[in-house]
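Here is the structure we will look at.
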Amino acid sequence: MNAGTELTIGNTGLSMAIDTDNMTAGDRWQINALKNGASKIDIVIEDPKLIAAADNYFEIDSVTNTNNVSLSLYEINNVSNASYPSPNNVPPLPDPMLQIVVDATGTQYDIQDSAGNSVNGGFQDIAADKIINGPGFTMQFEGELAGNEVFNLTHADNDLIPNDNKKFGPGDNTNMLSMLNFQSKKTMDNGLNSFSEGYADLVTAVGVDTKSTEIARDSYQTLLSGSSARLAAVQGVNLDEEAANLIQYQQAYSASARIITVARETFQTLLSAAG
């Protein structure tokens, strides 16, 4: 170990240089990088709407829409679906895109890829709530369908192309689900515990230490009370005993005073008799 030479500490991400000028045998240091970590935790966001829970954003354009029907993303439930419009599943064109096609009667729909092939198994009936099922997502029509409507659904992940209508789906919680996966994923203690297990261990340790401390405190309080009582028995004043002593002293004083009185009266009588 040379003065000023950088030392890397395992896989901790920490490195340091130690000055050897004033070192002596047995010197040691303890590094506790997270000692005050919990005390610095603070609330940054209070509005849940500001949480970046959504990850998949879509641009929805109408190609044919006579009655100006609104089509919005209702829910994303399976981004791993082979036909889900994402760069991982569908080659970008330059962005992955599907088409939602309504039949001439306005009562059925189909979802097709850029080549016109159905990814939904052909035309399906539109339910009364006008929610339609796609590959890994659901959408909803609002308004009266005239028939022959066509909508482009583009996964707008290309920042180089302007997407004026890029929107996050209100039912998309992809980021939140990814964060929730950390709850059970073995990422702590060299892959031995998850966040949930680590938190449970922490709560258990704090609870055990707290209860042990309370038991020890109560035990020492009992010892202190007993010691105080024994000390008071040796050093303290017994009020009953002191009261008895006062009565004894009072009676002794009264007796002494009576003796003096009798002696004076006797002396006085003798003087009177002699006179």
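Farthest toward the dipole's positive end in the chain, which of 23, 253, 174, given Cβ charges of +1 (Lys, Arg) and -1 (Asp, Glu) about the Cα centre?
253
Report, to the nearest whole %, how much of the accessible area of the chain belongs to carbon and sulfur atoms, 1.4 Å probe, protein only.
Working: 10780 of 19980 Å².
Whole-percent figure for carbon plus sulfur exposure: 54.
What residue among 116, 136, 191 shows peak mean-square fluctuation when the chain is described by a Gaussian network model with Cα springs under 10 Å?
The residue with the greatest mean-square fluctuation here is 191.
How big is the dipole moment of the range 1-74 about its Cα centre under a simple scheme where the beta carbon of each Lys and Arg is +1, that of each Asp and Glu is -1, and everything else is neutral? Debye, nearest 20, please.
Details: 4 positive and 10 negative charges, 52 e Å.
Taking the Cα centre of the range 1-74 as origin, the dipole is about 260 debye.
How much accessible area does residue 269 have with a 1.4 Å probe, in Å² rounded to the nearest 10?
Accessible area, nearest 10 Å²: 90 Å².
Calculated from DSSP H runs of 4 or more alone, at -39500 (n - 2.57) each and per residue, what is the 222 nm mean residue ellipticity of the chain, nearest 500? The partial results should precede the final answer.
On the way: 3 runs with 85 residues, N = 275.
One gets -11000 deg cm²/dmol as the mean residue ellipticity at 222 nm.
With all protein chains present and a 1.4 Å probe, how do 264, 28 order by accessible area, largest first? Don't jump to the answer; show the numbers that get you there.
Numbers: 264 140, 28 210 Å².
So, going from the largest accessible area down, we get 28, 264.
Using Cα pairs closer than 8 Å and at least 6 residues apart in sequence, work out the relative contact order for the range 1-71, in percent.
Numbers: 26 pairs, mean separation 12.0, N = 71.
Normalised by residue count, the contact order of the range 1-71 is 17 percent.
Test of understanding: in a Gaussian network model of the chain with alpha carbons linked when under 10 Å, which of 13, 37, 134 would top the mean-square fluctuation ranking?
13
With every protein chain left in place, what is the accessible area of residue 14 in Å² (1.4 Å probe, nearest 10)?
Near enough 70 Å² of accessible area.
Using Cα pairs closer than 8 Å and at least 6 residues apart in sequence, work out the relative contact order for the chain, in percent. Let's see the in-between values first.
On the way: 334 pairs, mean separation 51.3, N = 275.
Dividing the mean separation by the residue count of the chain yields 19 percent.
Who wins for biggest fluctuation among 149, 242, 197 in a Gaussian network model of the chain, springs between alpha carbons below 10 Å?
Evaluated over the chain, the most mobile residue of the options is 242.
Net charge within 15 Å of residue 129 by Cβ-Cβ distance, Lys/Arg positive one each and Asp/Glu negative one each, not counting residue 129 itself? Walk me through the numbers on the way to the answer.
Working: positive: 130; negative: 75, 125, 142, 144.
Charge balance near residue 129 sits at -3.
What is the local net charge at residue 119, summed over the other residues whose Cβ is closer than 11 Å to its Cβ (Lys, Arg +1; Asp, Glu -1)? List each step's numbers first, then the result.
Numbers: positive: none; negative: 110, 113.
Here the count lands on -2.
Can you bin every Cα-Cα distance in the range 217-275 into 10 Å intervals starting at zero and give me the percent of pairs per bin, rounded to whole numbers?
Each 10 Å bin holds this share of Cα pairs: 18, 20, 17, 15, 12, 9, 6, 3, 1.
Compute the Kirkwood hydrodynamic radius of the chain, taking the inverse of the mean of 1/r over all pairs of distinct Cα atoms, and give it in Å to one decimal.
On the way: mean 1/r = 0.0345 Å⁻¹.
Its Kirkwood hydrodynamic radius stands at 28.9 Å.
Going toward the positive end of the dipole of the chain, with +1 on Lys and Arg Cβ and -1 on Asp and Glu Cβ, which of 140, 239, 202 do you reach last?
239
With every protein chain present, what is the per residue accessible area of the range 231-270 (1.4 Å probe, Å²)?
Working: 3730 Å² over 40 residues.
Heavy-atom accessible area per residue stands at 93 Å².
Where in the range 194-232 is the amide nitrogen less than 18 Å from a point lying 7 Å along the Cα-to-Cβ axis of residue 51?
From the range 194-232, the list is 195-196.
Can you pull the percent of Cα pairs in the range 1-73 with separation above 19 Å?
On the way: 1840 of 2628 pairs.
The calculated P(r) of the range 1-73 puts 70 percent of pairs beyond 19 Å.
Once both labels are modelled 7 Å past Cα along the beta-carbon direction, what's the residue 142-residue 201 spacing in nm?
My value for the distance between the label points is 4.9 nm.
In whole Hz, with x marking every Gly and Pro, tabulate ³J(HN,Hα) for the range 134-139 from phi via Karplus 6.51 cos²θ - 1.76 cosθ + 1.60, θ = phi - 60°.
x, x, x, 7, 10, 9
Considering only protein heavy atoms, what is the solvent-accessible area of residue 101 at a probe of 1.4 Å, reported in Å² to the nearest 10?
Only protein atoms counted, so the area is about 20 Å².
If the cut-off is 15 Å between C-alpha atoms, which aspartates and glutamates fall inside it for residue 130, apart from same-chain ones fewer than 8 positions away?
Within reach: 75, 103, 110, 142, 144, 149.
For residue 132, enumerate residues with amide H under 5 Å from its amide H, sequence gap 5+ or separate chain, H modeled in the peptide plane.
Excluding prolines and chain starts, which carry no amide H, the hits are 139, 140, 141.
Taking θ = phi - 60°, what integer Hz values does the Karplus form 6.51 cos²θ - 1.76 cosθ + 1.60 yield along the range 251-268, in sequence order, with x for Gly and Pro?
5, 4, 5, 5, 5, 4, 5, 5, 4, 4, 4, 5, 4, 5, 5, 5, 4, 5
Find how much the distance from residue 70 to residue 16 grows on full extension, using 0.36 nm per residue of separation minus their present alpha carbon separation; answer in nm with one decimal.
Value of the extension gain: 13.4 nm.
Taking the Cα centre of the chain as origin and charging only Cβ (+1 Lys, Arg; -1 Asp, Glu), how large is the dipole, in debye to the nearest 20? Don't skip to the answer; put the middle values down first.
Numbers: 14 positive and 34 negative charges, 397 e Å.
The dipole magnitude comes to about 1900 debye.
Compute the long axis of helix 195-235 from its Cα atoms, compare it with the longest principal axis of the Cα atoms of the chain, and write down the angle in degrees, 0 to 90, nearest 10.
The answer is roughly 10 degrees.
The values are calculated or read from the model by the stated rules, or taken from the named source; none is laboratory data. Predicted model, so just to flag it, every value in this text is computed and none were measured. FYI the Cβ positions are ideal-geometry reconstructions off the backbone, even for glycines, and counts take in every protein chain you see. The accessibility values were calculated without ligands, DNA or RNA, using every heavy atom of the protein model including side chains. Shrake-Rupley method; radii C 1.70, N 1.55, O 1.52, S 1.80 Å.
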